[in-house]
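Report on the following structure.
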Amino acid sequence: MLNKRTTEVYALGQHISMSAHKARRVIDQIRGRSYEETLMILELMPYQACYPIFKLVYSAAANASSNMGSNEANLVISKAEVNKGTIMKRLKPRARGRSFAIQKPTCHITIVMKDISLDEYIDTDSIAWSQNKKKDTTMSYYDMYSNGGTWDKK
């Protein structure tokens, strides 16, 4: 029997004071990249959204090393998404006693990192067989990441 092992960790930043559109511009550049490459890209991009995203990527990597004991060289950003948050409404005083409404948008950013060195499935039958000192049988399973997938073929 195959059991699924958790190979993903995440970091979630809520109520970050910037619009979701500005954060998506940066998130689209780092999605699917490795951890070291992502840090270099975020340090060199000239956008305001880079700093909170940099902190979230760094936090997700710290979660991976703390919870799973994985190395940062094996981490890849598997999923990164930006959702719209609440809008803070403020009033700005104007001339002649009037006021204008100012809307300050927020967003929620989720970074999910995956360790590519860990195997995704555990074969529990082979563990039980090896404990009983019987014949060891391993089960083969279809993994779309190991055979290259259909998108690599031309």
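If you take the beta carbon distance between A73 and H21 as r and set R0 to 41 Å, what does 1/(1 + (r/R0)^6) give as a FRET efficiency, to the nearest 0.05?
Working: r = 33 Å, r/R0 = 0.80.
Taking R0 as 41 Å, the efficiency between A73 and H21 is 0.80.
Among 69-75, 58-64, 44-50, 107-113, how do they line up from the highest to the lowest mean number of other beta-carbon atoms within 10 Å? Each step should come with its number before you reach the end.
Details: 69-75: 15.6, 58-64: 18.9, 44-50: 13.7, 107-113: 22.0.
The peptides rank, most packed first, as 107-113, 58-64, 69-75, 44-50.
Pop out the ³J(HN,Hα) list for the stretch 19-25 in order, Karplus 6.51 cos²θ - 1.76 cosθ + 1.60 with θ = phi - 60°, rounded to Hz; leave Gly and Pro as x.
Once θ is set to phi - 60°, the couplings for the stretch 19-25 become 6, 5, 5, 5, 6, 5, 4 Hz.
Under 1.5 on a/c is rounded, so check that first for the stretch 37-92, then, if it is not, pick prolate when a/b is larger than b/c and oblate when it is not; a ≥ b ≥ c are the square roots of the alpha carbon gyration tensor eigenvalues. Display every interim value, and only then the final one.
Working: a/c = 2.92, a/b = 1.85, b/c = 1.58.
Note, shape of the stretch 37-92 comes out prolate.
Every number here is computed from the coordinates shown, using simple stated rules; none is lab data. Since the model is a prediction, treat every value here as computed from it, not as a measurement. Glycine gets a Cβ as well: all are built from the backbone with ideal geometry, and neighbour counts include every protein chain shown.
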